[in-house]
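Presented below is the structure to which this report refers.
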Amino acid sequence: MFDKTGTLTEGRLRLSAVHCLADEDEQQLKALAALLESRSEHPVAQVLARSATAMSATIESLQATPGKGIEAVIDGRVSRIGNLDYVGELAGMPSAYPSQNNRSTQVGLCREDQWLAVFELNDTLREQAVDVVGQLQSAGLQVELLSGDAQSAVASIADQLGISQWHAGQKPEDKLNRIRQIQQSGGVVAMIGDGVNDAPVLSGADVSFAMGSGTQLAHASADLVLLSENLQHLLSGFNMARDTVKIIRQNLGWALGYNLLALPLAASGMIAPWMAALGMSTSSLVVVVNALRLRRK
């Protein structure tokens, strides 16, 4: 299971367009967005927070909903920023802006029942993503994409990577339910993510990886942290894990076979004690030398 933004993509989003839906200055809308996102660690939030200087206003209350967005009371008026469905709930209607870019991530902004703007952000795939996903699939692993982003953006990334199983608009609980569904059917799940909204699914997976640039909560929830940000190292980890299990099985098989043969002979006195001691030492040496083959991988 892969998250999208910051995991399969670089997570270095850039603001490509601002579509004003109200009679307000673009810089004022950017400033309001920056204020709302100023306390969030999400990659989208960080881009919007850097896009302008936050306005000088008083935040009376602020509530972040993982996987959706942020709502705050600013100068006595409720504002929201986040995915279009979440913002549309407060505005009372869907966004009137039709996206022309299927690969962009769209973020809406409203104040009470008025749409203010739609921000479009673009990201790029990590250069290793296509090769890593292809090799994982060739190794017999099922690869899925779970993302809280809009369907068009997720579908575009999945198509570029050749991922047939993908899910968009996923809340943290949706991601967790998906991996539990797979686990209940007998599957073993490895999850790779980076954000606050990935924390539940990282904790629930059989094994989990957080990207080095991810949030502190993601790091705390994951079993391992991929400090290099290089997805090829993830592939190396899977290969090493499989080779390790193979070596363990070989050593257990050798130890079992040796003891089944040698113990009856030693107990019946058919071999001298010194021969039994030498044989046991040789058996241990074989196991150690076989295990050392992993250092060459």
*Can you give the net charge of the other residues whose Cβ lies under 10 Å from the Cβ of residue 190, counting K and R as +1 and D and E as -1?*
-2
*For region 164-297, what class follows from the C-alpha gyration tensor (a ≥ b ≥ c being the square roots of its eigenvalues): rounded when a/c is under 1.5, otherwise prolate if a/b is larger than b/c, else oblate?*
prolate
*asked:* Using 0.36 nm times the number of residues separating residue 85 and residue 59, minus their current alpha carbon distance, what extension gain do you get?
replied: 7.0 nm
*Rank 107, 1, 20 by how far each Cα sits towards the positive end of the charge dipole of region 1-132 (+1 on Lys, Arg Cβ; -1 on Asp, Glu Cβ) and give me just the farthest.*
1
*asked:* Using a 7 Å offset from the Cα along the Cα-to-Cβ direction at both residue 252 and residue 177, what is the distance between the two label points in nm, to one decimal?
replied: 3.7 nm
*Rough spin-label spacing in nm, given labels placed 7 Å along Cα→Cβ, for residue 122 and residue 236*: 3.3 nm
*Under a GNM of the chain (C-alpha, springs under 10 Å), which listed residue has the highest mean-square fluctuation: 48, 32, 136?*
136
*Report the net charge of residues surrounding residue 231, where surrounding means a beta-carbon distance below 10 angstrom and charges are Lys +1, Arg +1, Asp -1, Glu -1.*
-2
*What FRET efficiency do you get for residue 276 and residue 245 if R0 is 41 Å and r is their Cβ-Cβ distance, rounded to the nearest 0.05?*
0.85
*Net charge, residue 45 excluded, C-beta distance under 11 Å - Lys, Arg +1, Asp, Glu -1*: 0
_Classify region 240-296 from the C-alpha gyration tensor, please: rounded if a/c falls under 1.5, else prolate or oblate depending on whether a/b exceeds b/c._
oblate
*asked:* Just to confirm the filter: which GluC sites (Glu not before Pro) across region 42-103 are DSSP coil and have at most 12 other Cβ within 10 angstrom of their Cβ?
replied: none
*Using the membrane-span-like helix rule (whole DSSP H runs, Cα extent along the own axis of at least 20 Å, mean Kyte-Doolittle hydropathy at least 0.0), which helices of the chain qualify?*
231-267, 273-292
*Taking a threshold of 24 Å on the Cα-Cα distance, which of the pairs 30/175; 4/68; 4/171 fall above it?*
30/175
*Gaussian network model of the chain, Cα springs within a sub-10 Å range: biggest mean-square fluctuation belongs to which of 267, 17, 241?*
267
*Going by how many other Cβ atoms sit within 10 Å of their own, how do 206, 123, 149 line up, fewest first?*
206, 123, 149
*Evaluate 2.2 N^0.38 Å with N set to the residue count of region 129-234, then give the Cα radius of gyration divided by it.*
1.01
*Scan around residue 166 for amide H atoms under 5 Å from its own, H built in the peptide plane at 1.01 Å from N, and keep only partners 5 or more places away or cross-chain.*
145
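Pulled fully out, how much extra length does the chain show between residue 112 and residue 294, if you take 0.36 nm times their separation in residues and subtract their Cα-Cα distance?
On the way: separation 182, 0.36 × 182 = 65.52 nm, distance 6.05 nm.
My answer for the length gained is 59.5 nm.
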*In what order do 7, 53, 105, 65 fall by count of nearby beta-carbon atoms within 10 Å, going from fewest to most?*
53, 65, 105, 7
*With a point put 7 Å past each Cα toward its Cβ, work out how far residue 156 is from residue 131 in nm, to one decimal.*
2.5 nm
*Please work out how much length the chain gains when fully extended from residue 141 to residue 16, using 0.36 nm per residue of separation minus the C-alpha to C-alpha distance, in nm with one decimal.*
41.4 nm
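Relative contact order for the chain: what percent, with Cα pairs under 8 Å and sequence separation of 6 or more?
The value is 16 percent.
Coordinate-derived values only; no laboratory data. These numbers were taken from a predicted model, which means no experiment stands behind them. Glycine also receives a Cβ, built like all others from the backbone with ideal geometry; neighbour counts cover every protein chain displayed.
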